[in-house]
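Peer 1: Below you will find the structure I want to go over with you.
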Amino acid sequence: MSVRTDKARVSAADTALRRRADAGLPQRLARSAAAREGAQLRTAEVPDWLAARRRAHSFRVDRIPFADLDGWSFERRTGNLVHRSGRFFTVEGLRVAVDHGPFRQWQQPIIHQSEVGILGILAKEIDGVLHFLMQAKMEPGNRNLLQLSPTVQATRSNYTKVHKGADVRYLRYFTEARPGDVLADVLQSEHGSWFLRKANRNMLVETDEEVQPHDDFRWLTLGQIGELLRVENVVNMDARTVLAGLPTPHSDDSRAPALHTDLELLSWITAQRARHDVRVERMPLDEVRDWHRGPWAVEREDGRYFRVVAVAVEAGSREVTGWTQPLIEPTGRGVTAFLTRRIGGVPHLLVHARVEAGLLDVLELAPTVQYTPENYTHLDGADRPLFLDEILAADPERTRYAAVHSEEGGRFLNAESRYLIVEADPESPPTAPEGYLWITPGQLGALARHARYVNVQARTLLACLNAGAVPGL
């Protein structure tokens, strides 16, 4: 590249940065969230477009026995499930000891994937409104297979083409992004109960270039995505986690009086992390207690929590059109919910400092409730998860938001949660038990723009708030 060309790129980036700073990104995002129709595709047309993309490609997922996995095998020495390339991920064992709760020690399988992937959404101003380039992407674990995903959703193994497949479309906008084009960029954790210290780079990048979408991509406003977040299993988990990190007006509004100051909130998080003694140790999968391996699954003897299974996949729209792989399959549908109430006239959410064995920093802020109810039916009294029964029995008139969303479809099979935002019982006192705290959506949003503060389930509900899917909150 010549010096003149390089200077031109820097000048263009500086100009773009100044223009976007002058316009105010939170206000631009607010305009996009208010735009319920887009310049390219009407919101009501999105389901038909997704259906057309399903018909345009061959998609199929079949369960198979472990013996039919191609390139995957159980190591002779450890029993760990590994790929012959040494890349992608492994399924290993984990030994956990904690100092709180009804279960103080346990062992389990867990996915170990140390590489950092890219979850990136490309943004562009069209007719004065920010639009986001969303992809109709097939993932083998989704019950309906095809959902709206980020522009780029790829592990390092995928975008470096370990699988020897096709290039990842639009990747260069993220790997070669100019400083003035990056609107959000943060490392975020994934499911702490099923991944060991897994993180992805969540990015929002704006372009001034003319980008002609491939048939599997469409430009949508934030408001259109918000409307689609009210529909079950349309917007995938990876898109939701990127949208949670947007600096929307509520996440930048320091004028709203919160029950606790930002300093008090940060101090409380630090104190919660310091008070927990959590010991995590990797172990051979063959030695995990209370689990057994059969021809079709690695599962618990009592049938609770989840199992490890194998699938064969056909996907005409992916970089590789056919492969086999292991997946984690939960044994029930999760319930994930925030309780909300107005304190001093300001909306607050009840967050839980939730310990999860796979998290790097012991705990992250989670929704008030994050459980699969069937796993706790044998417990009663003080051993029952706090607030779970209140959420399950809540009057529908108190429910401000409810939708079923898929979890990460590239590693989990038929993993769904019912996501809710429920008004707290007005007769109950606005106090929070140990490990819980009332904070504003703005405080949660500000923390979500930094690494390892807000877990992936809380980020889904935050994305719903950011995109305007929860009116009046």
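Peer 1: Could you tell me whether any residue of the stretch 107-126 is without any contact (Cβ under 8 Å) to a residue 12 or more places away in the chain and either in contact with a strand residue (DSSP E or B) (Cβ under 8 Å, 6 or more places away or on another chain) or surrounded by fewer than 18 Cβ atoms within 10 Å (Cβ to Cβ) (or both)?
Peer 2: Initially, the stretch 107-126 is screened for residues without any contact (Cβ under 8 Å) to a residue 12 or more places away in the chain, giving none.
There is no residue in the stretch 107-126 that is without any contact (Cβ under 8 Å) to a residue 12 or more places away in the chain and either in contact with a strand residue (DSSP E or B) (Cβ under 8 Å, 6 or more places away or on another chain) or surrounded by fewer than 18 Cβ atoms within 10 Å (Cβ to Cβ) (or both).
Peer 1: What is the residue count in the stretch 307-334 for residues that are of a type in the set (Ser, Thr, Tyr), modelled with pLDDT under 95 and under 30 Å from residue 464 (Cα atoms)? Please lay out each step first, then the result.
Peer 2: Step one: filter the stretch 307-334 for residues of a type in the set (Ser, Thr, Tyr), giving 317, 321, 324, 331.
Next cut, modelled with pLDDT under 95 only: 317, 321.
With under 30 Å from residue 464 (Cα atoms) added as a condition, the list becomes 317.
The number of residues fulfilling the criteria is 1.
Peer 1: Would a scan of the stretch 378-391 turn up a residue that is within 24 Å of residue 471 (Cβ to Cβ), among the aromatic types (Phe, Trp, Tyr) and open to solvent by less than 30 Å² (accessible area, probe 1.4 Å)? Please lay out each step first, then the result.
Peer 2: Quick first cut of the stretch 378-391, residues within 24 Å of residue 471 (Cβ to Cβ) only: 387, 390-391.
Okay, now just the ones that are also among the aromatic types (Phe, Trp, Tyr), so 387.
Among the residues that remain, those that are also open to solvent by less than 30 Å² (accessible area, probe 1.4 Å) are: none.
No, that holds for no residue.
Peer 1: Could you tell me which numbered condition residue 337 fails, if it satisfies all but one of (1) modelled with pLDDT under 95; (2) closer than 26 Å to residue 387 by Cα?
Peer 2: It is condition (1) that residue 337 fails.
Peer 1: Of everything in the stretch 436-462 that's out of contact with any strand residue (DSSP E or B) (no Cβ under 7 Å at 6 or more places or on another chain) and farther than 19 Å from residue 185 by Cβ, which residue is surrounded by the most Cβ atoms within 10 Å (Cβ to Cβ)?
Peer 2: The selected residue is 443.
Peer 1: Further, regarding this structure: Which one is modelled with the highest pLDDT among residues in the stretch 68-106 that are touching a Leu at 6+ places or on another chain (Cβ under 7 Å) and open to solvent by 40 Å² or more (accessible area, probe 1.4 Å)?
Peer 2: Our first condition is that a residue be touching a Leu at 6+ places or on another chain (Cβ under 7 Å); within the stretch 68-106, this holds for 72, 74, 78-81, 90-94, 102.
If we keep only those that are open to solvent by 40 Å² or more (accessible area, probe 1.4 Å) as well, we get 74, 102.
Working: 74: 98, 102: 83.
Out of the qualifying residues, it is 74.
Peer 1: Being among the hydroxyl-bearing types (Ser, Thr, Tyr) and under 30 Å from residue 71 (Cα atoms) is true for just one of 331, 368. Which residue is that? Quick ask: steps written out before the conclusion?
Peer 2: Details: 368 fails: under 30 Å from residue 71 (Cα atoms).
So the residue among 331, 368 that is among the hydroxyl-bearing types (Ser, Thr, Tyr) and under 30 Å from residue 71 (Cα atoms) is 331.
Peer 1: Okay, next question. Are any of the residues in the stretch 409-416 within 30 Å of residue 313 (Cβ to Cβ), among the acidic types (Asp, Glu), touching a residue at least 60 places away in the same chain (Cβ under 8 Å) and crowded, with 21+ Cβ neighbours inside 10 Å? Can you show your working first?
Peer 2: If we filter the stretch 409-416 for residues that are within 30 Å of residue 313 (Cβ to Cβ), which is where we start, we get 409-416.
Keeping just the survivors that are among the acidic types (Asp, Glu) gives 416.
Subsequent filtering for residues that are touching a residue at least 60 places away in the same chain (Cβ under 8 Å) retains 416.
With the extra rule that they be crowded, with 21+ Cβ neighbours inside 10 Å, the set shrinks to none.
No; the residues of the stretch 409-416 include none that is within 30 Å of residue 313 (Cβ to Cβ), among the acidic types (Asp, Glu), touching a residue at least 60 places away in the same chain (Cβ under 8 Å) and crowded, with 21+ Cβ neighbours inside 10 Å.
Peer 1: Here's something else I'd like to know. Which residue out of 433, 396, 471 is within 19 Å of residue 385 (Cβ to Cβ) and open to solvent by 10 Å² or more (accessible area, probe 1.4 Å)?
Peer 2: One residue alone meets the criteria, 433.
Peer 1: Restricting to the stretch 296-316, name every residue that is touching a strand residue (DSSP E or B) at 6+ places or on another chain (Cβ under 6 Å) and either under 15 Å from residue 414 (Cβ atoms) or not charged (D, E, K, R) (or both). Break it down into steps so the answer makes sense when it comes.
Peer 2: Residues of the stretch 296-316 that are touching a strand residue (DSSP E or B) at 6+ places or on another chain (Cβ under 6 Å), as a first pass: 297-300, 306-315.
Matches in the stretch 296-316: 297, 298, 299, 306, 307, 308, 309, 310, 311, 312, 313, 315.
Peer 1: Please give the strands (runs of 3 or more DSSP E) falling wholly within the stretch 62-165 in which 3 or more residues are among the polar types (S, T, N, Q). Talk me through it step by step, then tell me what you get.
Peer 2: Values: elements: 72-74, 81-83, 90-97, 105-112, 117-126, 129-138, 146-149, 152-154.
Output list reads 105-112.
Peer 1: Also: Sort out which residues of the stretch 211-226 are of a type in the set (Phe, Trp, Tyr) and either in a helix (DSSP H, G or I) or more than 23 Å from residue 141 (Cβ to Cβ) (or both), and write them in order of number.
Peer 2: Taking the stretch 211-226 as the starting set, the residues that turn out to be of a type in the set (Phe, Trp, Tyr) are 217, 219.
Passing the criteria: only 219.
Peer 1: Still on this structure: Which of (1) within 30 Å of residue 153 (Cβ to Cβ); (2) surrounded by fewer than 22 Cβ atoms within 10 Å (Cβ to Cβ); (3) in contact with a helix residue (DSSP H, G or I) (Cβ under 7 Å, 6 or more places away or on another chain); (4) hydrophobic (A, V, I, L, M, F, W, C) is the odd one out, the single condition residue 369 does not satisfy?
Peer 2: Every condition holds for residue 369 apart from (2).
Peer 1: Among the listed residues 9, 55, which satisfies the condition of being modelled with pLDDT of 90 or more and farther than 26 Å from residue 193 by Cα? Outline the logic, then answer.
Peer 2: Details: 9 fails: modelled with pLDDT of 90 or more.
After applying the criteria, what remains is 55.
Peer 1: Would you kindly identify the helices (runs of 4 or more DSSP H) lying entirely within the stretch 227-307 that contain at least 3 residues that are open to solvent by less than 40 Å² (accessible area, probe 1.4 Å) and more than 30 Å from residue 152 (Cβ to Cβ)? Show your work before the answer.
Peer 2: Details: elements: 237-244, 249-252, 262-275.
Passing ranges, in order: 262-275.
Peer 1: Only one of these conditions is not met by residue 36: (1) at pLDDT below 90; (2) farther than 23 Å from residue 307 by Cα; (3) of a type outside the set (A, V, I, L, M). Which number is it?
Peer 2: Single failed check for residue 36: (1).
Peer 1: Let me ask something else about it. Quick check on the stretch 167-202: of everything there that is open to solvent by less than 40 Å² (accessible area, probe 1.4 Å) and aliphatic (A, V, I, L, M), which residue is nearest to residue 317 (Cα to Cα)?
Peer 2: Among those residues, the one meeting the criterion is 168.
Peer 1: Quick one: would you say residue 60 is open to solvent by 70 Å² or more (accessible area, probe 1.4 Å), touching a strand residue (DSSP E or B) at 6+ places or on another chain (Cβ under 7 Å) and not polar (S, T, N, Q)?
Peer 2: Details: open to solvent by 70 Å² or more (accessible area, probe 1.4 Å): yes; touching a strand residue (DSSP E or B) at 6+ places or on another chain (Cβ under 7 Å): yes; not polar (S, T, N, Q): yes.
Judged against the criteria, residue 60 is a match.
The values are calculated or read from the model by the stated rules, or taken from the named source; none is laboratory data. The model shown is predicted, which means the values in this text are computed figures rather than measured ones. Neighbour counts run over all protein chains shown; Cβ positions are idealised from the backbone, glycine included. For the accessible areas, the whole protein counts, side chains as well, though only heavy atoms, and no ligand, DNA or RNA atoms are used. Shrake-Rupley method; radii C 1.70, N 1.55, O 1.52, S 1.80 Å.
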